[in-house]
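Reading through the structure tokens given below for one structure.
The values are calculated or read from the model by the stated rules, or taken from the named source; none is laboratory data. Since the structure is predicted, the reported quantities are computational estimates derived from the model, not experimental observations. When we count neighbours, we look across all protein chains shown, and the Cβ atoms used for this are built from the backbone with ideal geometry, even at glycine.
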Amino acid sequence: MGEPEHIVRALSTHWVKYVMPTVMAMLLVAGISGIFMAALALHSALPIIANSLFIGGVLLACLVHHWYFHRLLSEAMEDIVITTKRVIWIKEALYQTDDMRQIPLDNIQGVETKKHGLAQTILGYGTLWFDTGGTVTYDENAIMDMVPHPNSVARDINQLLKLN
């Protein structure tokens with residue numbers, strides 16, 4: 001039966017994944033604030049239009065609020081688990097996605113890391129690519145994006161490959 005499987009490392013993808021949804025939400029909130037200001041300015045002169053703008057602003061604010069928190073919760077559910085026998089990539093998005101990819105260590109011939117650009121270098125995240133003998137560098141089943149400290153993760157995986 002062999003040795004039991006143990007978790008070597010478990011991590012979530014890098015926090016930078018929250019930046020774009022937060023910027024988008026802030027821009028949308030600024031636009032909604034403009035709608036509320038227009039409704040306030042038009043309240044005495046055109047009350048029907050002002051009330052319509054106010055109701056539209058409230059509906060937009062609710063939609064943006066729900067979209068933003070759904071997006072945050074969905075982004076928070078991307079995990080990487082490295083065990084003594086395999087590498088597992090779990091991606092879940094509320095009500096949309098429930099994916100799990102796993103690569104047995106026996107199938108991995110090598111691991112490459114990529115950091116492109118100033119942001120990835122400064123913030124310490126990048127991409128892992130697993131060479132399984134038949135994969136190409138753009139095969140999305142062999143690529144893990146937004147991995148924090150990818151060189152350290154690759155080092156751990158390569159140490160496990162030497163033990164097997």
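Of all the listed residues (A30, A61), the sole one being assigned to a helix (DSSP H, G or I), buried (at least 16 other Cβ atoms within 10 Å of the Cβ) and modelled with pLDDT of 95 or more is A61.
One line per residue, one yes/no per condition, for (1) closer than 30 Å to G110 by Cα; (2) of a type outside the set (S, T, N, Q):
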residue: R9; (1), (2): yes, yes
residue: T13; (1), (2): yes, no
residue: P21; (1), (2): no, yes
residue: I49; (1), (2): no, yes
residue: L72; (1), (2): no, yes
residue: E78; (1), (2): yes, yes
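Here K17 fulfils each of the conditions (1) assigned to a helix (DSSP H, G or I); (2) at pLDDT 90 or above apart from (2). Scanning region 90-101 for residues that are farther than 30 Å from Q159 by Cα, at pLDDT below 90, of a type in the set (A, V, I, L, M, F, W, C) and not in a helix (DSSP H, G or I) turns up at least one hit. Number of residues in region 74-109 that are without any contact (Cβ under 8 Å) to a residue 24 or more places away in the chain and not aromatic (F, W, Y) equals 14.
Here the condition is being more than 21 Å from the chain's Cα centre (by Cα) and either on the phi > 0 side of the Ramachandran plot or surrounded by 14 or more Cβ atoms within 10 Å (Cβ to Cβ) (or both); of I88, I108, it holds for I108 alone.
Of everything listed in (1) under 23 Å from K17 (Cα atoms); (2) surrounded by 14 or more Cβ atoms within 10 Å (Cβ to Cβ), the single unmet condition for D131 is (1). Which numbered condition trips up M144, out of (1) surrounded by fewer than 18 Cβ atoms within 10 Å (Cβ to Cβ); (2) over 18 Å from M20 (Cβ atoms)? Here M144 meets the rest and fails (1).
A quick yes/no check of all residues on (1) among the hydroxyl-bearing types (S, T, Y); (2) closer than 30 Å to L160 by Cα; (3) assigned by TED's automatic domain parsing to the domain that holds I143:
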residue: L28; (1), (2), (3): no, no, no
residue: F36; (1), (2), (3): no, no, no
residue: S44; (1), (2), (3): yes, no, no
residue: I55; (1), (2), (3): no, no, no
residue: F69; (1), (2), (3): no, no, no
residue: D98; (1), (2), (3): no, yes, yes
residue: R101; (1), (2), (3): no, yes, yes
residue: L105; (1), (2), (3): no, yes, yes
residue: V111; (1), (2), (3): no, yes, yes
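Within region 1-27, the set of residues being among the aliphatic types (A, V, I, L, M) and loosely packed, with under 13 Cβ neighbours inside 10 Å comprises M1, I7, A10, V19, M20, V23, M26, L27.
Against the numbered list (1) on the phi < 0 side of the Ramachandran plot; (2) not assigned by TED's automatic domain parsing to the domain that holds P21, H65 comes up short only at (2). As a summary of the residue check, S44 satisfies the conditions (1) hydroxyl-bearing (S, T, Y); (2) surrounded by fewer than 13 Cβ atoms within 10 Å (Cβ to Cβ); (3) in contact (Cβ under 8 Å) with a residue 24 or more places away in the chain except for the one numbered (3).
Residue-by-condition table, conditions (1) in contact with a helix residue (DSSP H, G or I) (Cβ under 8 Å, 6 or more places away or on another chain); (2) more than 30 Å from L128 (Cα to Cα):
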| site | (1), (2) |
| --- | --- |
| I35 | yes, yes |
| N51 | yes, yes |
| G56 | yes, yes |
| L60 | yes, yes |
| L72 | yes, no |
| T84 | yes, no |
| V87 | yes, no |
| K91 | no, no |
